[in-house]
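Chemist: Have a look at this one before I ask anything.
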Amino acid sequence: MMETISFSDADSIKQYALSHSDQDLILFGKNQLVAQAIKFMPENVVLCSSESLVTATQVSQTGFSGLTFASQYAQLVPISEPPILSLTRLQQAYHRVETKPNAFLFLLCDGYRAHEEMILTTFYFLNHRFKMIGGSAGDIQQGKTLLSLGTRRLTNLAIFFDLPAEVSLIKENLYLPTGKRMLVTKADPLKRVVYTFNGRPAAEEYASQLGISVAKLADTFIKHPLGKKLDNEIYINSPQKINADHSMSFYAQIIPNTFLEVLAPGNIEQILAHTRQQIDHAQLIFSIHCTLRNQYLLQTQQWPKVLKSLNQSATQQLGFISNGEQFNWQHFNQTMVLLAIKEKRK
């Protein structure tokens, strides 16, 4: 059905893919490794750039890891630029699985084009309850991204799955509201820029909420991101930089006349325990972790706790570091989203 799989080099991937032509593979690796491997790949292999791989024992930057599954359970639909050009193919794929209780969409986006919201709006025709999960591809250390199907380079890819198993999609963030919030009074969503919060230059008001100077604000981005509340859920929107006019650029769109919560790290033990409770043990977990979440876990030396918790939750677990996450038709940052697969339905 679906299994985790790892390879040390491109030749091993090629040999496996050719000898398992009834399977498809989605594999993640460093951008340089992906660039070298693309020209050798059979048509049943998807390759995707990643800053790091999340394995059962460590966060690694060597080799390739990902998922393999029977081709009959998935429809792979490359998404053009602009995405609307792929509308008919996406609709056809969706209509084949729209009534299936464990169908879901797995989305891979180019993490450096800043087009995630535009891609999500292309799926306007889907039932809002249809499950979706995704990650923005990118290797932040090299500032590049590659996504491919066989030897063909893509910008974005939609995969519609219908697995013979129980499927759960779960979101976890390590931050909670502090009780402070700001009104977005001027913003350009397409540029992902906020000019003013509460009628003041964005950086100045943000710093004031934290009781610090603007000069120290950038150092707090990892610890105090912002979040929007939607249906009692927090979706994190991480600051990217402070601009010369004290406006601020973000990694996701922010809409004018909305409130953003100022966040702070929560109790990680309680948060991980809540996620384990939601999973309730799975056969397989595939997790997507934002690069900013990765930075926080590295700085606080808490990756071992996260890996232990994931290992306790599933027989197999694997994941990758992304440049942003998609879940519940939202694009956001500094979060983990995961796919949990349980035993076959009877």
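The values are calculated or read from the model by the stated rules, or taken from the named source; none is laboratory data. Model, not experiment: these values are computed from the prediction. A quick note on method: Cβ atoms are made from the backbone with ideal geometry, for glycine too, and the neighbour counts reach across all protein chains shown.
Chemist: If Leu310 meets every condition in (1) assigned to a helix (DSSP H, G or I); (2) over 16 Å from Lys171 (Cβ atoms) apart from one, which number is that one?
Modeler: (2)
Chemist: Evaluate segment 318-328: report whether one residue or more is of a type in the set (D, E, K, R), closer than 21 Å to Asn156 by Cα and crowded, with 22+ Cβ neighbours inside 10 Å.
Modeler: Taking segment 318-328 first, the residues of a type in the set (D, E, K, R) are 325.
Those left that are additionally closer than 21 Å to Asn156 by Cα: 325.
Of the ones still in play, those that are also crowded, with 22+ Cβ neighbours inside 10 Å are 325.
Yes - at least one qualifying residue is present in segment 318-328.
Chemist: Another question about this same structure. Which residues, taken from segment 217-240, are among the hydrophobic types (A, V, I, L, M, F, W, C) and under 13 Å from Arg293 (Cα atoms)?
Modeler: Correct list: Phe221, Ile222, Ile236.
Chemist: Do we find that Ala37 is touching a residue at least 12 places away in the same chain (Cβ under 8 Å), crowded, with 20+ Cβ neighbours inside 10 Å and in contact with a Pro (Cβ under 8 Å, 6 or more places away or on another chain) in this structure? Reasoning before the result, please.
Modeler: On the way: touching a residue at least 12 places away in the same chain (Cβ under 8 Å): yes; crowded, with 20+ Cβ neighbours inside 10 Å: yes; in contact with a Pro (Cβ under 8 Å, 6 or more places away or on another chain): no.
No; evaluated as a whole, the condition is false for this residue.
Chemist: Which number in (1) within 15 Å of Ser322 (Cα to Cα); (2) in contact with a helix residue (DSSP H, G or I) (Cβ under 7 Å, 6 or more places away or on another chain) marks the one condition that Ala10 misses?
Modeler: It is condition (1) that Ala10 fails.
Chemist: On the given criteria, is Thr196 in the same structural domain as Asn257 (by TED's automatic domain parsing), surrounded by 19 or more Cβ atoms within 10 Å (Cβ to Cβ), farther than 21 Å from Phe332 by Cβ and of a type in the set (Ser, Thr, Tyr)?
Modeler: On the way: in the same structural domain as Asn257 (by TED's automatic domain parsing): yes; surrounded by 19 or more Cβ atoms within 10 Å (Cβ to Cβ): yes; farther than 21 Å from Phe332 by Cβ: yes; of a type in the set (Ser, Thr, Tyr): yes.
For Thr196, the condition - in the same structural domain as Asn257 (by TED's automatic domain parsing), surrounded by 19 or more Cβ atoms within 10 Å (Cβ to Cβ), farther than 21 Å from Phe332 by Cβ and of a type in the set (Ser, Thr, Tyr) - is met.
Chemist: Still on this structure, please answer the following. In segment 37-64, what count of residues is obtained for those that are at pLDDT 95 or above and assigned to a helix (DSSP H, G or I)?
Modeler: 2
Condition check ((1) surrounded by 15 or more Cβ atoms within 10 Å (Cβ to Cβ); (2) closer than 20 Å to Ile321 by Cα) across all residues:
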site: Leu87; (1), (2): yes, no
site: Thr99; (1), (2): no, no
site: Leu105; (1), (2): yes, yes
site: Ala114; (1), (2): yes, yes
site: Met118; (1), (2): yes, no
site: Phe123; (1), (2): yes, no
site: Met132; (1), (2): yes, yes
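Chemist: Search segment 253-281 for residues being under 20 Å from the mean Cα position of the chain (by Cα), of a type outside the set (Val, Ile, Thr) and not in a helix (DSSP H, G or I), and hand back the single one that is nearest to Asn333 (Cα to Cα).
Modeler: Among those that are under 20 Å from the mean Cα position of the chain (by Cα), of a type outside the set (Val, Ile, Thr) and not in a helix (DSSP H, G or I), it is Gln253.
Chemist: Based on what the data block shows, is Leu18 in a strand (DSSP E or B), in the same structural domain as Thr68 (by TED's automatic domain parsing) and free of Cβ contacts under 8 Å to residues at least 60 places away in the same chain?
Modeler: Values: in a strand (DSSP E or B): no; in the same structural domain as Thr68 (by TED's automatic domain parsing): yes; free of Cβ contacts under 8 Å to residues at least 60 places away in the same chain: yes.
When the stated conditions are applied, Leu18 does not pass them.
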